[in-house]
Amino acid sequence: MKTRRSIAIAAWCLLPVALWVTSLPDNTLSAENKKTILEHADQIEGGEKTGPSGTAIPYRSAVGNIKFLHGETTLECDRATDWPDSERIDLEGHIIIKDKNVETRADRGVYHTDSETGELSGNVRGRVIGDSLTTKSGRAAFDQHKNELWLFDDAVAWQLGRQLSGDSIRVHVHEVAGKKKVDEIQVFGHAFLAVRDTLSASPALHDQLSGKKLTANLDDNSRLQKVIAISKARSLYHIYDDKNQPSGVNFTSGDRIRMFFVEGKLDRILVTGSPLGKEYPNYMRNDPEINLPGFRLRDKEKPVFAP
């Protein structure tokens, strides 16, 4: 026969909606004092687990159609485990972390409620909603206070005809007229930038830049302002005459390549450290043999998000 206590626990675990609240130390004057509220879960359970030191660690878990609110951030997943003593929530299955500007999805993750940071893994996809930036990687880490997202393991980012790829990518955003816009992207290891040449017809051609490290700065309209490639830097860009007629393709290499743009259009290029350059004739514009090593368009991998 069930005891009154076991019946009460069973009923609690089957609640369709839970008020699960965790917060930082009480300070009503501090903007950092944000509660983490469990708005919905199909089932709630709790108890203790044995930690690495052998001591019992309390935990609470929510299962099924989970939705958390933390300030302006919404967290959704299939299963969440809260560790009250560490201000940490472990997330599993169909994770969506979203505010009005940024959305990130993954299979597994950890969210730190005190610092508003987290780590994600397993088919990580993200986007800056008002800035046409979409990302894909194997792992990611985010910091909402620093307004930055780190992508690891074969990272790719797409934005307005541009593709950036590398071993890891750092995306930084800032606020413009109430919306977050990307102002800097850094790529580390096998860094590559491909930019759609808007003056070319079919087939589409791409200007290219590669190096061990690449930094791209953008204006408030998401247009390129400056791009720097460092270490074994190479560039390939298409040349036009005064009437916008194609006249050839330029290849340049050096220790450092800096490209400067005016209203999103390439204005000048500076090469330092063992500079080398050559120009391909116009008939080779569509020859794939002149592409930089590592050039590969990956549009088919670009994540699609519901409107």
Put +1 on the Cβ of each Lys and Arg and -1 on the Cβ of each Asp and Glu in the chain; which of L292, A191, T104 then has its Cα farthest toward the positive end of the dipole?
L292
Pop out the carbon and sulfur fraction of the accessible area of the chain as a percent, whole number, probe 1.4 Å.
51
For the chain, with the dipole built from +1 on Lys and Arg beta-carbon atoms and -1 on Asp and Glu ones, taken about the Cα centre, which of T135, N147, G64 lies farthest toward the positive end?
T135
11 Å beta-carbon shell around S168, net charge (K/R +1, D/E -1)
0
Label assignment, mean projected area of the Cα convex hull in nm² derived from the structure, set (i) 21.6; (ii) 24.8; (iii) 14.4
(i)
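Explain nothing, just the number: dipole magnitude of region 212-260 about its Cα centre with +1 on each Lys and Arg Cβ and -1 on each Asp and Glu Cβ, in debye rounded to the nearest 20. List each step's numbers first, then the result.
Values: 9 positive and 5 negative charges, 73 e Å.
Rounded to the nearest 20 debye, it is 340 debye.
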In whole angstrom, note down how far apart the Cα centers of region 275-295 and region 75-96 are.
49
222 nm mean residue ellipticity, helices alone, for the chain (DSSP H n ≥ 4; -39,500 (n - 2.57); rounded to 500)
-1000 deg cm²/dmol
Using alpha carbon centers only, region 142-182 is separated from region 194-251 by a whole-angstrom value of 20
Region 232-247 - phi-based ³J(HN,Hα) in whole Hz, Karplus 6.51/-1.76/1.60, Gly and Pro as x:
6, 6, 9, 9, 9, 9, 8, 10, 10, 8, 5, 9, 6, 9, x, 10
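Filter the cross-link list K278/K302; K67/K180; K35/K300 down to pairs whose alpha-carbon distance in this structure exceeds 30 Å. Walk me through the numbers before you get to the answer.
Details: K278/K302 33 Å; K67/K180 24 Å; K35/K300 40 Å.
Pairs exceeding the cut-off: K278/K302; K35/K300.
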Can you give me the angle between helix 4-13 and the longest principal axis of the chain, using Cα atoms only, in degrees from 0 to 90, rounded to the nearest 10?
20
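The values are calculated or read from the model by the stated rules, or taken from the named source; none is laboratory data. Since the model is a prediction, treat every value here as computed from it, not as a measurement. Using ideal geometry, Cβ is built from the backbone for each residue, glycine included, and neighbour counts are taken over all protein chains shown. Please note that ligands, DNA and RNA were not included when accessible areas were found on the heavy atoms of the full protein model with its side chains. Shrake-Rupley method; radii C 1.70, N 1.55, O 1.52, S 1.80 Å.
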